[in-house]
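Read through the structure below, which is laid out as structure tokens, and then see the notes.
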Amino acid sequence: METYTLFLDGRRIRIECPPDMPLLYALRGDLRLKGPKFGCGLAQCGACTVLVEGSAVRSCVIPMASIKNKKIRSLDGLGTPSEPHPVQRAFLEEQAALCGYCTNGWIMTAVAALEKQPRVSDADIRAMLTGLKCRCGAHMAMLRAIRRAADEMAGQS
């Protein structure tokens, strides 16, 4: 067991765990977050996506030892019910979540990309979402939501 410090959603957190424990286990188990989900455990579905230093990563395969002193953003700390992040708001407006299990991955991946570059084409949006899975088939609504958020974030709404 080792003690790690990380900065989660603007808060300094200390956690004691094995160095090879996946970040997802700390987020879901120890810290009780609800956003990132365990999907495949192989970094192939995206349900566990969080932002580490602004980049979307699959937390199911990131060992705790590699995130020491890093800034992590989760869906839980992204926005509030009264003031959601533009991507969250767009997902609500487009009714883009069916079962909602994969929504964390789609939102967090879009946030990482759009905060770096909000002026994107539809082809850019499809490319940024490569590898994310949704078994419900809400893909078209999610694409519309991300297009809406991109336009808002780029000041084009």
Item to check | Condition check for residue 112: under 18 Å from the mean Cα position of the chain (by Cα), more than 18 Å from residue 45 (Cβ to Cβ) and either of a type in the set (A, V, I, L, M) or open to solvent by less than 20 Å² (accessible area, probe 1.4 Å) (or both) | outcome: no
Checklist entry - When only residues in the stretch 30-65 that are open to solvent by 10 Å² or more (accessible area, probe 1.4 Å) and polar (S, T, N, Q) count, which is modelled with the highest pLDDT? => result 55
Item to check | Selection status of residue 119, part of a helix (DSSP H, G or I), over 20 Å from residue 38 (Cβ atoms) and either out of contact with any Ser or Thr (no Cβ under 9 Å at 6 or more places or on another chain) or at pLDDT below 95 (or both) | outcome: no
Next on the checklist: Looking at the structure I just gave you, is residue 137 free of Cβ contacts under 8 Å to residues at least 24 places away in the same chain, on the phi > 0 side of the Ramachandran plot and in a loop (DSSP other than H, G, I, E, B)?
Outcome noted: no
Checklist entry - Out of 74, 121, which single residue is polar (S, T, N, Q), out of contact with any Lys or Arg (no Cβ under 6 Å at 6 or more places or on another chain) and more than 30 Å from residue 2 (Cβ to Cβ)? => result 121
Item to check | Qualifying positions in the stretch 29-60 - out of contact with any Gly (no Cβ under 9 Å at 6 or more places or on another chain) and either within 19 Å of residue 71 (Cβ to Cβ) or β-branched (Val, Ile, Thr) (or both) | outcome: 30, 31, 51, 52, 53, 54, 55, 57, 59
Checklist entry - Taking residue 27, is it crowded, with 19+ Cβ neighbours inside 10 Å and in contact (Cβ under 8 Å) with a residue 12 or more places away in the chain? => result yes
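The values are calculated or read from the model by the stated rules, or taken from the named source; none is laboratory data. Because the structure is a prediction, the values reported are computed rather than measured. Every residue, glycine among them, receives a Cβ derived from its backbone with ideal geometry; neighbour counts consider all protein chains shown. These area figures cover heavy atoms from the full protein model, side chains too; ligands, DNA and RNA do not enter into them. Shrake-Rupley method; radii C 1.70, N 1.55, O 1.52, S 1.80 Å.
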